[in-house]
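See structure below.
The values are calculated or read from the model by the stated rules, or taken from the named source; none is laboratory data. Quick caveat, the model's predicted, so the values are computed rather than measured. Cβ atoms come from the backbone with ideal geometry, glycine included; neighbour counts cover every protein chain shown. We work out accessible area using only protein heavy atoms, side chains counted, and drop any ligands, DNA or RNA first. Shrake-Rupley method; radii C 1.70, N 1.55, O 1.52, S 1.80 Å.
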Amino acid sequence: IDAQLFNNLDDPMNPRYQYGTAGFDRRNIAVVSFDYNLPVFRHSSGITRTLLGGWTVSGITLMQSGNPLSVNAANDNLGFGGGTTNHADLIGHITYPHKFQQWFSPTAFAQPAPLTWGNAPKNIVKGPGRDNWNLSLYKDFRFNDRAGFQFRAESFNTWNHTQFTGVNTGVLTGNPSSPYNSTAGQINGTADPRVFQFGGKLYF
C-alpha cells in the first residue's frame, strides 16, 4: 500500500470512511455592513454643528453557525500506526448543553473495540458559532473644499460577547476504567474581548 494513502485517507481500504461534512461547512453565515449619518445637530449652526453635527456610524456584523468537528478514537487500536485516524464509536444521541464546561455530550461516544473502525461519521459535532459586531463613529472636520481632518472611534466585539472559538474533541482516553477525558467537550478557545481604538487622518 502506498504510504501516501495513510496520510490522506483515514481508512486506506475504504475511501467512503472519509465521507462526511467538510470541516469548513458553516451552514449559516450572515454578514451585514452599514453606514448611517446621524441626523442630530445636522441643521444647527456655529460651534454646535462643528462639534456635534455630521457624525456617521458604520459597522460590520458577522453571525455564523459553528464549524463541524470530528471525534476520534483515543489511540491506534487498529495497529496500523502511521497517519491513520480511527473515528470514535457513536453510542448515543449527541446533545449540546452549550456551556463552557461542556459544549456537547462526550458520553455519546465510546472507544471502538480493538482492531475495529469506529462508526462515528467524520465531523459529526458542531462547534460554537459567532455573533460579532464591529462599529465605528467618525466625522470629517473640513478646512476647505479639499482639505480636512477625519476623527474615528472604533470598537471590535462592541457588545463584549464571549465568543467561543474551540472545543476539546479529545473525548476518549482508551482506558476502560476511566474512558473520558476530564476536559472532554470543554471550550478551549475564545475570541478577543471588546477592543477600542481611536484614529485620525489629515487629507488635502
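Data for the structure
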{"quantity": "Solvent accessible area, Å² - Val40, 1.4 Å probe, full protein context", "calculated": "80 Å²"}
{"quantity": "Protection proxy ranking of 14-24, 52-62 - average other beta-carbon atoms within 10 Å, highest first", "calculated": "52-62, 14-24"}
{"quantity": "Linear extension gain, Phe143 paired with Leu51, 0.36 nm per residue minus alpha-carbon span", "calculated": "31.8 nm"}
{"quantity": "Computed [θ] at 222 nm, helices only, for the chain once each DSSP H run of length n ≥ 4 contributes -39500 (n - 2.57)", "calculated": "-1500 deg cm²/dmol"}
{"quantity": "Option label - Cα extents along the principal axes in Å computed here, alternatives (1) 59, 36, 26; (2) 44, 41, 34; (3) 82, 37, 22", "calculated": "(3)"}
{"quantity": "Protection proxy ranking, peptides 128-136, 43-51, average beta carbon neighbours within 10 Å, highest first", "calculated": "128-136, 43-51"}
{"quantity": "Sites matching trypsin sites (Lys or Arg not before Pro) across region 135-194 that sit in DSSP coil, with at most 14 neighbouring C-beta atoms within 10 Å", "calculated": "Arg146, Arg194"}
{"quantity": "For Val40, net neighbour charge (Lys/Arg +1, Asp/Glu -1) across residues whose Cβ lies under 15 Å away", "calculated": "+3"}
{"quantity": "Extension reserve of the Thr61-Asn188 stretch, reckoned as 0.36 nm per residue once the Cα distance is removed", "calculated": "43.3 nm"}
